[in-house]
Amino acid sequence: MAHRKTFKLLCGFAGGSAVLPAWTPASHTPAPTGHAWDFNWDKRDPSLLSNGKSKKESATEGPGSEQDNGKPKATRNILLIRHSQYNLSGNSDKERILTPLGREQAELTGQRLAALGLKYDVFIHSSMSRATETANIINKHLAGVELVSCDLLREGAPIEPVPPVTHWKPDAVYHEDGARIEAAFRRYIHRADPRQKEDSYEIIVCHANVIRYFVCRALQFPPEGWLRIGLNNGSITWLTIRPSGRVALRTLGDSGFMPPDKLTRT
């Protein structure tokens, strides 16, 4: 009897019915953790750009003012493509060209981008051989899109990863590559210019490290987590940037359009 009475007390029985412990909430909504979303992450929030006017002047302007007209209205869609498989044994960038399989992968990526039926406005690629060759093959499937080469998009180590690895030791690597890749992010990943009237679709062919860093930065995730993301060769990562500064990741490393025997991650 003593054991049964103790069991009832522990279980919270009263009058023959179970009673929830006092610390158990009826309904629970998890409290948000981490930092709040910074809508001015790209330093282009129009409400924070006074264009040289005082706050008093801005406050007296009507809805048809220059400030109101200066708000972005278009959405930017940025499709980040990782280069195809390449010759890892090359001693220089010129020798690190695509393998036969890599060229097949680029053809498949080009076919996929064409099948999406989008009007591509810009096509930028890293100046490294493997990215340039990938872009040239893809571009055969996209009529009328001019290719633009950019040194800022070259591969590198953007920031010391967490957890750490042994691939890159000297701080100078992160200091030099990181500054360049961050400059590329600021140049290409931001909301639309107010003068842009229609939504745009832009292609950037570059490298895994660059894409992974871009994704972390754009989503305001800790950038040192970039190395935790894996991307297949020729895969498509799709970022959408709204006029408000909201960012969405539509696809990450999509390569489902390739047969399984064509997938690589070198």
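Placing +1 on each Lys and Arg Cβ and -1 on each Asp and Glu Cβ, with no other charges, gives segment 76-256 a dipole about its Cα centre of roughly 460 debye. If you count the DSSP beta bridges with both ends in segment 76-256, what percent of them are antiparallel, to the nearest 5? The answer is about 45 percent antiparallel. Extension gain, T266 to N136, is 44.8 nm, computed as 0.36 nm per intervening residue step minus the present C-alpha separation.
For the listed residue pairs K119/K197; K43/K169; K73/K119; K71/K197; K43/K197, the alpha carbons are over 22 angstrom apart in K43/K169. Normalised by 2.2 N^0.38 Å, where N is the number of residues, the alpha-carbon radius of gyration of segment 76-256 equals 1.00.
Could you list K71, K94 in order of exposure, starting from the residue whose Cβ has the fewest other Cβ atoms within 10 Å? Please report the intermediate quantities before stating the final value.
On the way: K71 13, K94 9.
Final ranking by Cβ density, sparse to dense: K94, K71.
No lab work stands behind these numbers, since they all come straight from the coordinates. All of these numbers come straight from a predicted model, not from anything done at the bench. We place every Cβ from the backbone using ideal geometry, glycine too, and count neighbours over all the protein chains shown.
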